[in-house]
């Protein structure tokens, strides 16, 4: 952990790694959020590499079969129990003995006999000094567990339990005395409690949830005990914590794909065990020192109910009723622990993975090419993909060293439906097939429809289902400020660009056309001037859009006018891809002059230039260059000088952004 240039997820983990001396709640469950291809698994790999051997950590991936909390706990315990340099091996005494108790073949009716049977079993394990002698005992446990308790409890014994037992075997002689420190054993002797656990698992009325709670509490109790003796930074340990002074580290558990089956069940079991410990001990001492960093590509169903109590979904415009989900680089312990007055506390800390910036995109492209690539190429790929790592790698293969030219619109192709349709297929959206998704492109990309709940009106079949999946799959985000139309949100540029490109170049007979679908959107429920102008521009009715903004220019506050313009110029376009920016810009401005030849004001001329340049430049699949930036900036400066209003600062500030290539 000696590098200084870290990803956002690594930086956040470092901020949460420090375990101070003051009593405080357990660390949060961090949820790294992002759509398909956002680099979630790679982020966990980076964190694991960064922690190295200096911090005790383990990882589990939920992408396979549906694991139960017991499966997850057993694998984590096994991985945490490995030998760490310069430290004694962790011993999960309570958890392992609890597994032995679950697998023991007892009568489940005679407590005295069952206690004696269990005592002899523990003594036998104590005497078996070599792993070979443990094998027959473990096989008996596996067999009895598989025949008498749910299958997952039997599976949990097979691979990891022999190693766990070998780790704690030297302590089995003192096991009953040691276990009295565990809350579950304080009401009676340890053998009584272990018999109770066996009966929960194997009695006449098995209680799998009770067994899970028991084992989770035992796991956390073992974490707390082991942490006290093996958490301090060791000499020559790769520790670069930001917090100064003497300190110890939290342990870290990395969980991939917790939105898959089994993920939420495990986190709920962990949260319940933590709450049980808090109720029993109050504010005395600290909670367990276990930092959980998990990844999720969903915000839906049970997850939405779990998170929405405290956090505003990323696609939902801010209404001040919940906390905003931050980016990794902006997240911190205080950002989670200090709850605003209008929000609720949460054990979860959802954060958004940042997209790749231009320099990071350039590094990916250079790695593919084997040499440095021009910055203009990296900037184009960053705009086209929105910095989505998976899409960046796809374009690295597509471009394959081909240089990009300022103003070009045909870098990714000139006809359809591919490559756009094939790229859409790789995103794994499952609600409808790809053709139905392409048909819905105008509705899916409309910034006022994407964030609506199930109560919104969309006007076409399948669209509501598609919009729901796009939101829950984290393809939609709401702007921090402005908007220009109620309920404004944006679809990820890579997905939006592929949708409208595939629709605009759809083969005849494959489904409704681009023109037909945008016409339907323009006449749909909830239309207003801005939304109609967005659709008119998408359909190429350029003079009508200039008319609207000319009428509003002297009436509206200029910031509101800019917000509305920002929405409209991000409308898709179906202009010919083989024609570059300069040619299309001249055509658009010329069409406005032809339709409105007389009594043209300088404001009208500059509006036509501004809207034409902004619309063509906003297309993420077109190459943006200095000429576009100057045309947009110059038009805004001219409008500012011609305005009769006092609030021209909004025009001037937007012009500065345009010159830098940051607006629209």
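The values are calculated or read from the model by the stated rules, or taken from the named source; none is laboratory data. Quick caveat: nothing in here was measured; it's all calculated off a predicted structure. Heads up, the Cβs are rebuilt from the backbone with ideal geometry, glycines too, and the neighbour counts pull from every protein chain shown.
Side notes on the structure shown:
Table: residues versus (1) outside any loop (DSSP other than H, G, I, E, B); (2) in contact with a strand residue (DSSP E or B) (Cβ under 6 Å, 6 or more places away or on another chain); (3) closer than 25 Å to residue 314 by Cα.
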position: 12; (1), (2), (3): yes, no, yes
position: 31; (1), (2), (3): yes, yes, yes
position: 45; (1), (2), (3): yes, no, yes
position: 91; (1), (2), (3): no, no, no
position: 96; (1), (2), (3): yes, no, no
position: 102; (1), (2), (3): yes, no, no
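- With respect to the stated conditions, residue 13 is in contact with a helix residue (DSSP H, G or I) (Cβ under 7 Å, 6 or more places away or on another chain), farther than 21 Å from residue 262 by Cβ and modelled with pLDDT of 90 or more.
- Any hit, segment 52-68, residues being touching a strand residue (DSSP E or B) at 6+ places or on another chain (Cβ under 9 Å) and either within 20 Å of residue 387 (Cα to Cα) or assigned to a helix (DSSP H, G or I) (or both): no
- Residue within segment 75-89 that is under 30 Å from residue 494 (Cα atoms), at pLDDT 85 or above, out of contact with any helix residue (DSSP H, G or I) (no Cβ under 6 Å at 6 or more places or on another chain) and assigned by TED's automatic domain parsing to the domain that holds residue 273 present: no
- For residue 373: the one exception among (1) farther than 27 Å from residue 14 by Cα; (2) in contact with a helix residue (DSSP H, G or I) (Cβ under 6 Å, 6 or more places away or on another chain); (3) modelled with pLDDT of 95 or more: (3)
- Some residue of segment 332-341 being assigned to a strand (DSSP E or B) and assigned by TED's automatic domain parsing to the domain that holds residue 39: no
- Residue among 584, 537 that alone is modelled with pLDDT of 95 or more, part of a helix (DSSP H, G or I) and surrounded by fewer than 23 Cβ atoms within 10 Å (Cβ to Cβ): 584
- Filter result (surrounded by 17 or more Cβ atoms within 10 Å (Cβ to Cβ) and within 24 Å of residue 628 (Cα to Cα)) within segment 359-375: 361, 362, 373
- Entirely in segment 383-461, the helices (runs of 4 or more DSSP H) that have 2 or more residues that are at pLDDT 90 or above and under 17 Å from residue 490 (Cβ atoms): 441-445
- Hits in segment 549-578 - residues which are buried (at least 16 other Cβ atoms within 10 Å of the Cβ) and under 24 Å from residue 513 (Cβ atoms): 567, 568, 569, 570, 571, 572, 573, 574, 575, 577
- Residues in segment 600-625 that are part of a loop (DSSP other than H, G, I, E, B) and more than 40 Å from the chain's Cα centre (by Cα) were compared, and the one that is surrounded by the most Cβ atoms within 10 Å (Cβ to Cβ) is 600.
- Residue match in segment 278-289 (condition: part of a loop (DSSP other than H, G, I, E, B) and either at pLDDT 85 or above or buried (at least 21 other Cβ atoms within 10 Å of the Cβ) (or both)): yes
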